[in-house]
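Input: a single structure, listed below in structure tokens.
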Amino acid sequence: MGNLMRANLDRLFKNKFYLAFLIFDLVFSFWFLLYNYEALSYFENAASDEHFFEALSCSPYVFAAFVPLFSGRDFSDNTIRNKILAGHTRLAIFSAAVLTSAAGCVIMLLVYVLPQVTLGFILLGLPTMPARLALSFLGLAILSVFWSVMITAAVFMIQSKSVCVVASFALYTVMIFIGGAINDNLSRPETVWVPAEDDGFIVNTEPSELVETENPYYVGGSERAKLEFLSRVDPAGQFFLLSSLENDRPELTCLAGAAECAAAYAVGAALFKRRNIR
């Protein structure tokens, strides 16, 4: 497997498309940082930690384009078949592809974050919650590995690069909407303040005369526990929350993401082992 990894990494860092994107990623990070600095200075607002990672929420779309184009090449030029004939096991081939894709995706994150945690700390100030910032980035890295495993497995099963790109885009978009709907339900307050009424007529609209009442749309009990669990295991929704630093328990997301990585890898490896290679 060591030879496979060396060959894959050599191909990765010689890939002109990938290197060009890393340069664009770095330039965009600097531009976005300066944009935030100018905007905050103009409106005289204090910087908040969420500015450091907020642009990373779109990263899975980039992964959806990068992984099929890179890993899919093994099928388009019959490299997979040649590797099997050379004596490499399917598990080693799949593992090397997953590790290479994961390394490529995490490097993208690191290239973007580098200006944010160097020049960004100078322009925007040190983070108010450094531990949460660090855990959020760790969670983003783990979920990036998850997406790279998922997409690599899809490439090894579907083979068509264009189909994998479209399917990955669609999957992330759908999961983003599902995660948003779940978090919207969880964010509803238990009580709301409404104007006092008498026989259906509002008697006073002054803020001091508002009446606190139960929110009929509040989700509680076992249903809330289920929604909280779904929210924690939704990799798309959690990726979005981590990038905006809205995740209040990033350490739980890190654990859930690691478990999802292991499950996706096991399923992908098992399916590829059964696939007929022509």
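In table form, for the structure just shown:
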quantity: Test set (1) more than 20 Å from residue 268 (Cα to Cα); (2) crowded, with 19+ Cβ neighbours inside 10 Å; (3) out of contact with any Ser or Thr (no Cβ under 7 Å at 6 or more places or on another chain) - residue 132 fails condition number; calculated: (2)
quantity: Wholly within the stretch 77-189, helices (runs of 4 or more DSSP H) carrying at least 1 residues that are acidic (Asp, Glu); calculated: 161-186
quantity: Test: residue in the stretch 146-158 that is surrounded by 14 or more Cβ atoms within 10 Å (Cβ to Cβ) and modelled with pLDDT under 80; calculated: no
quantity: Yes/no for residue 112 being crowded, with 17+ Cβ neighbours inside 10 Å and farther than 26 Å from residue 258 by Cα; calculated: no
quantity: Residue in the stretch 38-61 that is buried (at least 20 other Cβ atoms within 10 Å of the Cβ), charged (D, E, K, R) and part of a helix (DSSP H, G or I) present; calculated: no
quantity: Single residue of 111, 117 found to be closer than 23 Å to residue 40 by Cβ, touching a residue at least 40 places away in the same chain (Cβ under 8 Å) and among the hydrophobic types (A, V, I, L, M, F, W, C); calculated: 117
quantity: Per-region count, the stretch 8-19, residues open to solvent by 60 Å² or more (accessible area, probe 1.4 Å) and assigned to a helix (DSSP H, G or I); calculated: 5
quantity: Condition check for residue 165: within 30 Å of residue 268 (Cβ to Cβ), at pLDDT 85 or above and surrounded by 15 or more Cβ atoms within 10 Å (Cβ to Cβ); calculated: no
quantity: Within the stretch 62-95, considering residues that are at pLDDT below 80 and among the basic types (Lys, Arg), the one surrounded by the most Cβ atoms within 10 Å (Cβ to Cβ); calculated: 73
quantity: Residues of the stretch 116-126 satisfying the condition of being open to solvent by less than 40 Å² (accessible area, probe 1.4 Å) and either at pLDDT 80 or above or under 16 Å from residue 255 (Cα atoms) (or both); calculated: 116, 120
quantity: Selected residue [modelled with pLDDT of 80 or more, of a type outside the set (Phe, Trp, Tyr) and more than 13 Å from the chain's Cα centre (by Cα)] from 212, 246, 251; calculated: 251
quantity: The stretch 242-278, subset within 29 Å of residue 158 (Cβ to Cβ) and without any contact (Cβ under 8 Å) to a residue 60 or more places away in the chain, residue surrounded by the most Cβ atoms within 10 Å (Cβ to Cβ); calculated: 256
quantity: In the stretch 190-201, residue modelled with the highest pLDDT [restricted to those that are open to solvent by 70 Å² or more (accessible area, probe 1.4 Å) and outside any loop (DSSP other than H, G, I, E, B)]; calculated: 193
quantity: Failed item in (1) at pLDDT 90 or above; (2) open to solvent by less than 80 Å² (accessible area, probe 1.4 Å); (3) among the hydrophobic types (A, V, I, L, M, F, W, C); (4) farther than 20 Å from residue 166 by Cα, with residue 98 passing the rest; calculated: (4)
quantity: From the options 32, 66, 24, residue that is among the aromatic types (Phe, Trp, Tyr), part of a helix (DSSP H, G or I) and in contact (Cβ under 8 Å) with a residue 24 or more places away in the chain; calculated: 66
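The values are calculated or read from the model by the stated rules, or taken from the named source; none is laboratory data. Remember, it's a predicted structure, so these values are computed and weren't measured experimentally. When we count neighbours, we look across all protein chains shown, and the Cβ atoms used for this are built from the backbone with ideal geometry, even at glycine. These accessible areas exclude ligands, DNA and RNA; they are computed on the full protein's heavy atoms, side chains included. Shrake-Rupley method; radii C 1.70, N 1.55, O 1.52, S 1.80 Å.
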